[in-house]
Amino acid sequence: MTEKTFLGTALALIQAPMAGAQDARLALAVSEAGALGSLPAAMLAPEALERELQTLQAAGRPYNVNFFAHTPPTPDAARLERWQAALRPYYNELGLDPAQAPAGASRRPFSAQEAEAMERFCPAVVSFHFGLPTPELLARVKRLGALVLSTATTVEEALWLQAQGADAVIAQGLEAGGHRGHFLSTDISGQTDTLTLVARCAKALDIPVIAAGGISDAADVRAALERGASAVQVGTAFLLSAEATTGALHRARLRDQAAPTELTNLFSGGLARGFINRAMRELGPVSAVAPPFPLASSALAPLRAQAEAQGRDDFTPLWSGTNRSGCREVPAAEIVQALAAGLSN
């Protein structure tokens, strides 16, 4: 009988939750291959979350459900007006009415409604980005017996998560694609590469450290374990997989191994790593007038839809880590197998 890791899986490998690029199909394929598949839930409506959880639950494999734990900002009408003014030339160019922009935020923090869903399905692992939910909500999750993970971008954040009850910390280096998980400070000058952060966290913590960022092949996995990681989390390598829902424009960028990435706040208001496109070149990549996370995305939504309809990625968030050497157009199980070679002694 195969010995299980602290994650409850045969392999100490997590597929990173990637909102907008996957659904339960990818998570299930990864879990069936012996690793831990993850479902990104922060952008799912309650009905959609229910359907996805039913799919995962029926398979009988361990899986991770990921939520955001940010504190929603208070809308600032003046800042929103400045943001809309910055985008108005693009609306005019594409023949769009700014009034078409949807209201509200597209990403929601973990709430009592999501806690109730967790109580119905009892996933093996629940993970969080941007800290942890309130103590009351966290207690509800922990009473289920779920392993609780959360992201840290500094040792200080990792120590805070440990003190608040996290069972393991995901150490996210600057190489990682998608949103930075910082929550104590948004100053990236104190953030480091993955291997440095893993080594520092492993020395400072009493709970397992999971390496995330820049891990794309077996050698990267092995290097993270040698620095003290108990497991690794990999996202970008799965973006071209058969089970991912990554769009055609995004896939085209991922095939270019030399394409540069940059941290930007344009697409949501929070810093995230992705490919440089027109919006990033002309507005940023970091804009002082973009509303705080997650409010910036609403005004960009019509621009993105119109440009994509014309085959352009001008306003599309194209998340990617810095290392795409393991990003291949094959079934997810093959990617898991390739990465798993770095887990063996």
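The values are calculated or read from the model by the stated rules, or taken from the named source; none is laboratory data. The structure presented is a predicted model; accordingly, all values stated were derived computationally and were not measured. Cβ atoms come from the backbone with ideal geometry, glycine included; neighbour counts cover every protein chain shown.
Filter the stretch 56-84 down to the residues that are more than 24 Å from Ser268 (Cβ to Cβ) and out of contact with any strand residue (DSSP E or B) (no Cβ under 9 Å at 6 or more places or on another chain) and list them by number. If the condition is that a residue be more than 24 Å from Ser268 (Cβ to Cβ) and out of contact with any strand residue (DSSP E or B) (no Cβ under 9 Å at 6 or more places or on another chain), then Ala58, Ala59, Gly60 are the ones that fit. The condition of being small (Gly, Ala, Ser) and under 25 Å from Phe275 (Cβ atoms) does not hold for Ala158. Taking (1) surrounded by 17 or more Cβ atoms within 10 Å (Cβ to Cβ); (2) at pLDDT below 95 in turn, Pro102 satisfies each apart from (1).
Can you confirm whether the stretch 242-249 contains a residue that is in the same structural domain as Leu39 (by TED's automatic domain parsing), of a type in the set (Asp, Glu) and touching a helix residue (DSSP H, G or I) at 6+ places or on another chain (Cβ under 9 Å)?
Yes; the residues of the stretch 242-249 include at least one that is in the same structural domain as Leu39 (by TED's automatic domain parsing), of a type in the set (Asp, Glu) and touching a helix residue (DSSP H, G or I) at 6+ places or on another chain (Cβ under 9 Å).
Evaluating Thr186 against the criteria (1) modelled with pLDDT of 95 or more; (2) out of contact with any helix residue (DSSP H, G or I) (no Cβ under 8 Å at 6 or more places or on another chain) leaves one unmet condition, (1).
Conditions (1) assigned to a strand (DSSP E or B); (2) farther than 28 Å from Ser320 by Cα; (3) in contact (Cβ under 8 Å) with a residue 40 or more places away in the chain, marked per residue:
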site	(1), (2), (3)
Leu137	no, yes, no
Glu156	no, no, no
Trp160	no, no, no
Ala163	no, yes, no
Ala166	no, no, yes
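Scanning the stretch 196-216 for residues that are within 19 Å of the chain's Cα centre (by Cα) and either in a helix (DSSP H, G or I) or among the charged types (D, E, K, R) (or both) yields a total of 2. Report yes if some residue within the stretch 70-84 is crowded, with 21+ Cβ neighbours inside 10 Å, modelled with pLDDT of 95 or more and within 21 Å of the chain's Cα centre (by Cα); otherwise report no. Looking through the stretch 70-84, at least one residue is crowded, with 21+ Cβ neighbours inside 10 Å, modelled with pLDDT of 95 or more and within 21 Å of the chain's Cα centre (by Cα). Specify which of the listed residues (Glu114, Glu52, Glu47) is loosely packed, with under 13 Cβ neighbours inside 10 Å, of a type in the set (Asp, Glu) and either at pLDDT 95 or above or within 21 Å of the chain's Cα centre (by Cα) (or both). Criteria check complete, one pass: Glu47.
Being β-branched (Val, Ile, Thr) and part of a loop (DSSP other than H, G, I, E, B) is the filter; apply it to the stretch 2-34 and report the residue that is farthest from Ala45 (Cα to Cα). Once the filter is applied, the top-ranked residue is Thr2. Residues that are among the aliphatic types (A, V, I, L, M) and either in contact with a Lys or Arg (Cβ under 8 Å, 6 or more places away or on another chain) or not assigned by TED's automatic domain parsing to the domain that holds Leu149 (or both) were ranked within the stretch 183-238; the one that is surrounded by the fewest Cβ atoms within 10 Å (Cβ to Cβ) is Ile188. Does the stretch 107-128 contain at least one residue that is free of Cβ contacts under 8 Å to residues at least 12 places away in the same chain, in the same structural domain as Ala152 (by TED's automatic domain parsing), small (Gly, Ala, Ser) and at negative phi? Checked against the condition, which is being free of Cβ contacts under 8 Å to residues at least 12 places away in the same chain, in the same structural domain as Ala152 (by TED's automatic domain parsing), small (Gly, Ala, Ser) and at negative phi, the stretch 107-128 yields no hits at all. Residue-level check: of (1) assigned to a loop (DSSP other than H, G, I, E, B); (2) under 21 Å from Asp23 (Cα atoms), Arg273 misses just (1). Please enumerate the residues belonging to the stretch 284-298 that are surrounded by fewer than 22 Cβ atoms within 10 Å (Cβ to Cβ) and in contact with a Phe, Trp or Tyr (Cβ under 7 Å, 6 or more places away or on another chain). Across the stretch 284-298, the qualifying residue is only Val289.
Checking each residue in the stretch 42-91 for being of a type outside the set (Phe, Trp, Tyr) and assigned to a strand (DSSP E or B) picks out Asn64, Val65, Asn66. The numbered conditions (1) among the hydrophobic types (A, V, I, L, M, F, W, C); (2) in contact with a helix residue (DSSP H, G or I) (Cβ under 8 Å, 6 or more places away or on another chain); (3) more than 21 Å from Gly269 (Cβ to Cβ) are all true for Ala48 except (2).
Just name the residue that is surrounded by the most Cβ atoms within 10 Å (Cβ to Cβ) out of those in the stretch 142-182 that are of a type in the set (S, T, N, Q) and either under 16 Å from Thr264 (Cα atoms) or in contact with a Leu (Cβ under 6 Å, 6 or more places away or on another chain) (or both).
Filtering the stretch 142-182 for residues that are of a type in the set (S, T, N, Q) and either under 16 Å from Thr264 (Cα atoms) or in contact with a Leu (Cβ under 6 Å, 6 or more places away or on another chain) (or both), the one surrounded by the most Cβ atoms within 10 Å (Cβ to Cβ) comes out as Ser150.
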